[in-house]
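The block underneath contains the structure these notes are about, expressed in structure tokens.
Just so it is clear, none of the values below were taken in a lab; they were calculated from the coordinates. Since we're looking at a predicted model, the values are computed, not measured.
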Amino acid sequence: MQITEIYKSLQGESTHAGLPCVFVRLTGCNLRCSWCDSEYTFQGGRKMTPEEVWDEVRQLSPNGGLVEITGGEAESGLWSGFPPKSSRSWM
């Protein structure tokens with residue numbers, strides 16, 4: 001997986017607005033939507049395994065909670081294998 005950033009913040013959208021959330025922002029998208037606010041994610045990032053991503057998520061939210069995978073183009077398979085099977089008991 002190519003990851004631009006992983007951080008904890010408050011969810012600002014949906015019925016989860018206001019709740020603490022760990023955001024996993026993927027790198028890479030070929031759509032170039034006119035409303036995109038994350039052009040900095042088109043390139044770069046760092047290569048991480050799903051297990052490495054999940055370890056970082058758990059460090060930011062050790063007691064579980066809301067995780068949002070964002071960025072990238074959903075149909076591209078950028079996030080396949082996430083979350084790893086080893087994480088299912090944490091969720």
Residues with amide H under 5 Å from that of residue 66, placed H, sequence gap 5 or more:
22
Subtracting the Cα-Cα distance of residue 35 and residue 10 from 0.36 nm times their residue separation yields 6.8 nm
